[in-house]
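Worksheet for the structure shown next.
The values are calculated or read from the model by the stated rules, or taken from the named source; none is laboratory data. Note that the structure is a prediction, hence the values are computed from the model and not measured. Using ideal geometry, Cβ is built from the backbone for each residue, glycine included, and neighbour counts are taken over all protein chains shown. Just the protein is used for accessible areas: all its heavy atoms, side chains included, with ligands, DNA and RNA removed. Shrake-Rupley method; radii C 1.70, N 1.55, O 1.52, S 1.80 Å.
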Amino acid sequence: MPELAVLAEVTAAEAQLDDKRIELDTLVGDLRRELRQAEAEVEQVRTRRERDEQRLNSGAITNPKDLTNLEHEMQALQRRIGTLEDAELEVMDQVETQQAALDAVLQELETMRAKVADVTAARDAAFAQLDGQSGELTAERARLAADLPDDLVALYEKVRAQYGSGAAALKARGCEGCRLELNGSDLRVIAAAADDEVIRCPECSRILVRTAESGL
Ligand SMILES: [Zn+2]
């Protein structure tokens, strides 16, 4: 059934996309956490610099050496803020890039899920059709079996239980069931048998059905 191959294909594609989604989801989560940490770090240094500025502006520090030290510290903190902000921007950029990739995968995943649903529906419809055909064939078989002698039907069922099929055509001097060619003497016996006589394959015991193509 072609629907089954297509279904296997789209299901595999869906699973692959879902793996990608999980991977990107994790990555974006990690990057957002990293971004929050970077923001907190910038905030921490900024607060410290503001505190220094307040101390400087308060006039409480009068010692020139202390004042110089404080100014140096403030300059160092300002440089640190610049470095941290650069890092924060870089993480922010990565978050945007990976979030965009995640959005694209989510879109693809949605499309693929719709496809899986469509193919599943097509498969179910094909199955329903087969069930219908199977029902018709079963009814047809029951009609045909009713017209046949009981012992022939019993023999057919017995061979079928053993070999999977109860009867085979005799075609071009060979049994279509076991695919073996019958020898000359067997063929002569079969050719001489009455039309309503039940012939069986000497190799596999299936009921042999004689046709115009039997080669007798
Ligand atoms: Zn045979």
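Results for (1) of a type in the set (S, T, N, Q); (2) at pLDDT below 95; (3) surrounded by fewer than 16 Cβ atoms within 10 Å (Cβ to Cβ), shown as yes or no for each residue.
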residue: Ala76; (1), (2), (3): no, no, yes
residue: Arg80; (1), (2), (3): no, no, no
residue: Thr97; (1), (2), (3): yes, no, yes
residue: Ala128; (1), (2), (3): no, no, yes
residue: Ser134; (1), (2), (3): yes, no, yes
residue: Ala145; (1), (2), (3): no, yes, yes
residue: Gln162; (1), (2), (3): yes, yes, yes
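Scanning segment 157-178 for residues that are hydrophobic (A, V, I, L, M, F, W, C) and away from the ligand (no atom under 12 Å from the Cβ) yields Ala161, Ala172. The set of residues from segment 82-95 being of a type in the set (S, T, N, Q) and either out of contact with any helix residue (DSSP H, G or I) (no Cβ under 9 Å at 6 or more places or on another chain) or open to solvent by less than 50 Å² (accessible area, probe 1.4 Å) (or both) comprises just one member, Thr83. Regarding segment 104-114, can at least one residue be identified that is open to solvent by 70 Å² or more (accessible area, probe 1.4 Å), touching a residue at least 24 places away in the same chain (Cβ under 8 Å) and of a type in the set (Asp, Glu)? There is at least one residue in segment 104-114 that is open to solvent by 70 Å² or more (accessible area, probe 1.4 Å), touching a residue at least 24 places away in the same chain (Cβ under 8 Å) and of a type in the set (Asp, Glu).
Any residue in segment 104-126 that is in a helix (DSSP H, G or I), at pLDDT 95 or above, within 22 Å of Glu34 (Cα to Cα) and not basic (Lys, Arg)? Checked segment 104-126: no residue is in a helix (DSSP H, G or I), at pLDDT 95 or above, within 22 Å of Glu34 (Cα to Cα) and not basic (Lys, Arg).
Within segment 197-216, the set of residues being open to solvent by less than 60 Å² (accessible area, probe 1.4 Å), free of Cβ contacts under 8 Å to residues at least 40 places away in the same chain and assigned to a loop (DSSP other than H, G, I, E, B) comprises Cys201 only.
Residues satisfying the criterion are absent from segment 2-14 (criterion: loosely packed, with under 12 Cβ neighbours inside 10 Å, modelled with pLDDT under 95 and not in a helix (DSSP H, G or I)). Residues of segment 179-196 include at least one that is on the phi > 0 side of the Ramachandran plot, within 11 Å of the ligand (Cβ to nearest atom) and exposed (fewer than 14 other Cβ atoms within 10 Å of the Cβ).
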